1. Just to be sure I understand: with springs between alpha-carbon atoms less than 10 Å apart, which residue in Asp164, Asp185, Asp263 has the highest mean-square fluctuation in the Gaussian network model of the chain?
2. Students often get this wrong, so check it: of Lys229/Lys278; Lys45/Lys179; Lys256/Lys286; Lys133/Lys173; Lys26/Lys142, which have C-alpha atoms separated by over 18 Å?
3. Given Cα positions, please report Rg to Rh for the chain, the hydrodynamic radius being the Kirkwood one.
4. Give me Rg/Rg_expected for region 186-291, where Rg uses Cα atoms only and Rg_expected = 2.2 N^0.38 Å with N residues.
5. Compute the Rg to Rh ratio over region 35-173 from the alpha carbon atoms, using the Kirkwood formula for Rh, and round to two decimal places.
6. May I ask for the longest run of the chain untouched by GluC sites (Glu not before Pro) that are loop-located per DSSP and have at most 13 neighbouring C-beta atoms (other than their own) within 10 Å?
7. From Cα pairs below 8 angstrom and at least 6 apart in sequence, can you work out the relative contact order of the chain, rounded to a whole percent?
8. For the Cα atoms of the chain, what angle does the longest principal axis make with the long axis of helix 2-31, in degrees from 0 to 90, nearest 10?
Amino acid sequence: MKRLLFCPKGFVLAFLFLAAGCNTTKMMVNSMDPLMEKMNTAVNKHTDVELVKDAMPAALIQLDGLIEASPDNTGLLVRTAEGYCGYSFVFVEGQNNERASRLYLRAFNYAMRALKEKKKFAQVADGPVAPFKESLEVFDKKDVPAMFWTASAWLSWAGLNVDDPEIFLALPKINALLKRCVEVDETYRYGIAHAVLGVLYASRPTAYGGQPDKAKAEFDRAFALSGRKMLVYQLMYAQYYAYQIQDRDLYIKSLKEIVDAPDDLLPEMGFINAAAKKKARSHLEKVDSLF
């Protein structure tokens, strides 16, 4: 009789132990948020682009695993989205656009999951544009990173899938997300939402809906907020705005500004500035093929 009573009790204890183990793992991952923030800061400061290139794939896969353990950790979802987006932009796009598209889509899905933690937004996120725009009112300053990386990854994906009919619904939603970022905190990452709005407005020729005046205004605001120290903004300005208006001299001038900038111009953003320098040198070698 004692043995019969012992077996169910043992089963229950084992079940409770396993359940506690799962909860403990999630709690452990969640407790790592401050550490991961410091690691993200360290990567952003790193100026050895090739070293970061070698390290990032393993780091991204580890982040995937952490999300498996804590799937509703919005901070982790956003950091992982940023990682995939940055890795694809710096190292993959232009080399293997099919792979870059997949990575941008992965980044988008992670960041969108973070946004969908807000029930009001989740209910309309995949629907028409009007309710999507209205639902953005639920987001405030603390949600800007999730909104920005959703929009950035989505726009980057759209740029590599111009024949996909889905982009006609995506573009106004991307625009709305970026505008909401600007409304609640235009200073995030030195005005990065303004710079990406500039890309959005300059990504098409004027005859096909491009808006060069709006693009320039957004880039000018990004330059003002960053003190022209975020060199990736000059890179975007050259690639999109200068190319859109077919201004060869402006294109070259913008790229040379990047190349000639001091290596320690903005130490906390050393990695992206070093990557911008590398890309600018490559673009300068190909000017004659563009103009």
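1. Asp164
2. Lys45/Lys179; Lys26/Lys142
3. 1.07
4. Compactness ratio reported: 1.01.
5. 0.98
6. With a cap of 13 other Cβ atoms within 10 Å, the longest stretch comes to 1-165.
7. Dividing the mean separation by the residue count of the chain yields 15 percent.
8. 20 degrees
Every read-out reported here was derived from the displayed coordinates using simple, explicitly stated rules and does not represent laboratory data. Computed from a predicted model, the values in this text were never measured in an experiment. Virtual Cβ from ideal backbone geometry, glycine too; neighbours counted across all protein chains shown.
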